[in-house]
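Peer 1: The structure is given below, and queries will be raised subsequently.
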Amino acid sequence: MNRPVPDLAMPWQESVWTFPRPSIAQPVQAHLRVVLDGRTIAETRRGVRTIETNHPPTYYFPPDDVAPGALRPVGGTSFCEWKGSAVYFDVVSGDVVRSRAAWAYPDPTASFADIRDHVAFYAAAIDACFVNGEQVVPQPGGFYGGWITSRVAGPFKGIPGSQGW
């Protein structure tokens, strides 16, 4: 396994290579927004982010800050060794449906109690996601849900060759 050389972090940036492992959850006051089909379907300043070595932050929205009817539960789960079992949702705006574009942890481990029932969105599946007005870039790779902004320095898990990081 070859560990990559971390990108040089500028003074206003966090390096994902200084993020902890195992991951942690942190409340954030950043303005978070998710847009689908021209409609804001989730918006908060009461989010929680999870951070983990070599991953950009993943942001979780309180359920009260997601538009009614924007989430449709779907079958299937996945398991995170730190957070527990996740459930998935289709994300809906009018006639637009994005399959399995959001997830939540209804019964997370004690260390992640802050994200109980909070909802995270795959930026790659949504028209636009924003942190403090900056449109995010989706974390590379089909499995990961991190949001990349100019405030984080990589490289990021999910690029080709990063499976063993």
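Peer 1: Would you check which residues across the stretch 3-37 are within 25 Å of Val119 (Cα to Cα), assigned to a loop (DSSP other than H, G, I, E, B) and among the aliphatic types (A, V, I, L, M) and list them?
Peer 2: Val28, Ala30
Peer 1: Within the stretch 71-92, can you find the residues that are charged (D, E, K, R) and assigned to a loop (DSSP other than H, G, I, E, B)? Talk me through it step by step, then tell me what you get.
Peer 2: The initial filter retains those residues of the stretch 71-92 that are charged (D, E, K, R), namely 72, 81, 83, 90.
If the condition is that a residue be charged (D, E, K, R) and assigned to a loop (DSSP other than H, G, I, E, B), then Glu81, Lys83 are the ones that fit.
Peer 1: I'd like to verify a number: residues in the stretch 1-35 that are of a type in the set (Val, Ile, Thr), modelled with pLDDT of 95 or more and closer than 16 Å to Ile159 by Cβ, how many?
Peer 2: Just the residues of the stretch 1-35 that are of a type in the set (Val, Ile, Thr), to begin with: 5, 16, 18, 24, 28, 34-35.
Applying the additional criterion that residues be modelled with pLDDT of 95 or more yields 16, 18, 24, 28, 34-35.
Those still in the list that are closer than 16 Å to Ile159 by Cβ too: 16.
Qualifying residue count for the region: 1.
Peer 1: Please determine whether any residue of the stretch 118-139 is more than 13 Å from the chain's Cα centre (by Cα), over 21 Å from Arg39 (Cβ atoms) and not aromatic (Phe, Trp, Tyr).
Peer 2: no
Peer 1: Can you find a residue that is surrounded by 15 or more Cβ atoms within 10 Å (Cβ to Cβ), in contact with a Lys or Arg (Cβ under 9 Å, 6 or more places away or on another chain) and in contact (Cβ under 8 Å) with a residue 24 or more places away in the chain anywhere in the stretch 4-12? Steps first, answer last, please.
Peer 2: Here is the first cut: in the stretch 4-12, the residues surrounded by 15 or more Cβ atoms within 10 Å (Cβ to Cβ) are 4, 7, 9.
Right, trim to in contact with a Lys or Arg (Cβ under 9 Å, 6 or more places away or on another chain) and you get none.
No.
Peer 1: In addition: Can you tell me which residue within the stretch 31-46, out of those that are touching a Phe, Trp or Tyr at 6+ places or on another chain (Cβ under 8 Å) and among the aliphatic types (A, V, I, L, M), is nearest to Ala104 (Cα to Cα)?
Peer 2: Ala42
Peer 1: Evaluate the following for Val16: is it touching a helix residue (DSSP H, G or I) at 6+ places or on another chain (Cβ under 7 Å) and crowded, with 20+ Cβ neighbours inside 10 Å? Full working, then the answer.
Peer 2: On the way: touching a helix residue (DSSP H, G or I) at 6+ places or on another chain (Cβ under 7 Å): no; crowded, with 20+ Cβ neighbours inside 10 Å: yes.
For Val16, the condition - touching a helix residue (DSSP H, G or I) at 6+ places or on another chain (Cβ under 7 Å) and crowded, with 20+ Cβ neighbours inside 10 Å - is not met.
Peer 1: Exactly one condition in (1) without any contact (Cβ under 8 Å) to a residue 12 or more places away in the chain; (2) outside any loop (DSSP other than H, G, I, E, B) is false for Pro68; which is it?
Peer 2: The one condition Pro68 does not meet is (2).
Peer 1: Looking at the stretch 116-165 only, could you name the residues that are in contact with a Ser or Thr (Cβ under 7 Å, 6 or more places away or on another chain), surrounded by 21 or more Cβ atoms within 10 Å (Cβ to Cβ) and either farther than 17 Å from Trp12 by Cβ or of a type in the set (Asp, Glu) (or both)?
Peer 2: Once the filter is applied, which keeps residues that are in contact with a Ser or Thr (Cβ under 7 Å, 6 or more places away or on another chain), surrounded by 21 or more Cβ atoms within 10 Å (Cβ to Cβ) and either farther than 17 Å from Trp12 by Cβ or of a type in the set (Asp, Glu) (or both), the stretch 116-165 yields Ala120, Gly145, Gly146.
The values are calculated or read from the model by the stated rules, or taken from the named source; none is laboratory data. All figures in this text were calculated on a predicted structure; none of them were measured in a lab. Virtual Cβ from ideal backbone geometry, glycine too; neighbours counted across all protein chains shown.
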